[in-house]
Amino acid sequence: MPIVILTVLKGGALLLACLIALLSAIGVTEFYRMALPERKVEQWLAAIAGSMLIFVPFTGNDKLSIAGIGLLFIIFSLIFLFRVRTIDNAAREVAFALLAFLYIPFLLMHLVLLRQTPFGVQWLFVIMLIVMTNDSTAYYTGSAFGKHRLYPLVSPKKSIEGAIGGLIGSLCGTLLAKFTFFPQLSFFDVVVTALVVGIVGQSGDLFESLLKRSFGVKDSGSIIPGHGGVLDRLDSILFAAPVTYYYVLFFFKG
């Protein structure tokens with residue numbers, strides 16, 4: 001996390017994109033190891049191709065994003081078409097391969113798009129504040145007061161009380177942003193982004209838990225000792241990034 005904060009604060013958009021591309025490559029690799037562990041060649045091709053998608057915003061042409069996803073779909077469909085292992089699992093494998101692109105590099109690409117907007121640096125810090133305060137307050141609130149399970153099928157330990165506490169934490173984090181480094185935020189912006197991005201971030205966490213339980217793993221990886229993999233750290237941000245970007249694009253007045 002410190003290297004991310006330093007890159008956002010001191011680095012330009014290109015350096016940030018390079019860091020995100022690296023995280024994307026690791027995330028795609030983790031996803032393949034969970035979903036398609038035998039597809040070693042496709043794993044590395046997907047990691048490289050997905051990383052390239054992160055740099056599409058620098059072209060200044062939004063249509064290239066659609067074109068890139070379309071090409072990736074065709075190319076990887078052909079790869080799986082001609083590298084069939086068992087016909088019974090072919091559709092499942094293709095679905096997982098294409099989900100990896102949409103879930104990781106496509107969603108992460110919105111962080112680069114957000115960085116290129118006015119007040120982009122501030123918005124990136126807002127996302128981090130919302131996610132970090134949400135996670136921390138949800139954990140402590142849930143530990144102290146959690147009695148009602150939020151979604152036991154997917155995440156047995158999470159509670160409704162913890163989720164509510166997380167949203168209160170998100171609101172406090174966004175207020176902190178307004179009164180310190182981002183005075184351009186209106187109180188409407190504070191409330192809406194805290195609640196919407198907070199809820200979406202929690203949903204991203206639950207979605208990754210759904211995937212891990214489906215794949216029968218505890219963590220997406222072990223690259224971060226004691227904290228799991230990159231996807232375990234980015235699960236909330238993956239969902240929060242596009243929602244924040246489109247809020248800034250269509251509603252933020254600055």
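The values are calculated or read from the model by the stated rules, or taken from the named source; none is laboratory data. All figures in this text were calculated on a predicted structure; none of them were measured in a lab. Virtual Cβ from ideal backbone geometry, glycine too; neighbours counted across all protein chains shown.
Worth a mention:
- Yes/no for residue 159 being crowded, with 20+ Cβ neighbours inside 10 Å, of a type in the set (S, T, N, Q) and within 14 Å of residue 134 (Cα to Cα): yes
- Where a residue in region 53-68 is over 12 Å from residue 116 (Cβ atoms) and its partner, wherever it lies, is of a type in the set (Phe, Trp, Tyr) and in a helix (DSSP H, G or I), with Cβ under 7 Å and at least six apart: 53/106
- When residues of region 201-212 are limited to those that are of a type outside the set (A, V, I, L, M, F, W, C) and within 12 Å of the chain's Cα centre (by Cα), the one surrounded by the most Cβ atoms within 10 Å (Cβ to Cβ): 201
- Residue in region 157-170 that is part of a strand (DSSP E or B), in contact with a Leu (Cβ under 6 Å, 6 or more places away or on another chain) and more than 30 Å from residue 10 (Cα to Cα) present: yes
- Taken over region 1-32, the criterion of being small (Gly, Ala, Ser) and part of a helix (DSSP H, G or I) is satisfied by 13, 17, 21, 24, 25, 27.
- Unmet criterion (only one of (1) touching a residue at least 60 places away in the same chain (Cβ under 8 Å); (2) farther than 22 Å from residue 110 by Cβ; (3) not basic (Lys, Arg)) for residue 155: (1)
- Residue 160 without any contact (Cβ under 8 Å) to a residue 60 or more places away in the chain and closer than 24 Å to residue 201 by Cβ: yes
- Residue selected from region 174-189 under the condition closer than 13 Å to residue 244 by Cβ and not in a loop (DSSP other than H, G, I, E, B), by the criterion nearest to the chain's Cα centre (by Cα): 174
- Verdict on residue 215 being buried (at least 23 other Cβ atoms within 10 Å of the Cβ), closer than 24 Å to residue 36 by Cβ and outside the structural domain of residue 107 (by TED's automatic domain parsing): no
- Residues of region 158-188 that turn out to be within 15 Å of residue 119 (Cα to Cα) and in contact with a helix residue (DSSP H, G or I) (Cβ under 7 Å, 6 or more places away or on another chain), as a count: 6
- Taking the criterion of being buried (at least 18 other Cβ atoms within 10 Å of the Cβ) and not in a helix (DSSP H, G or I), the residues of region 218-254 that qualify are 220, 221, 228, 229, 252.
- The helices (runs of 4 or more DSSP H) falling completely within region 52-145 that include 3 or more residues that are over 17 Å from the mean Cα position of the chain (by Cα) and closer than 30 Å to residue 192 by Cα map to 63-82, 120-145.
- The set of residues in region 26-52 being closer than 16 Å to residue 234 by Cα and out of contact with any Phe, Trp or Tyr (no Cβ under 9 Å at 6 or more places or on another chain) consists of 26, 30, 51.
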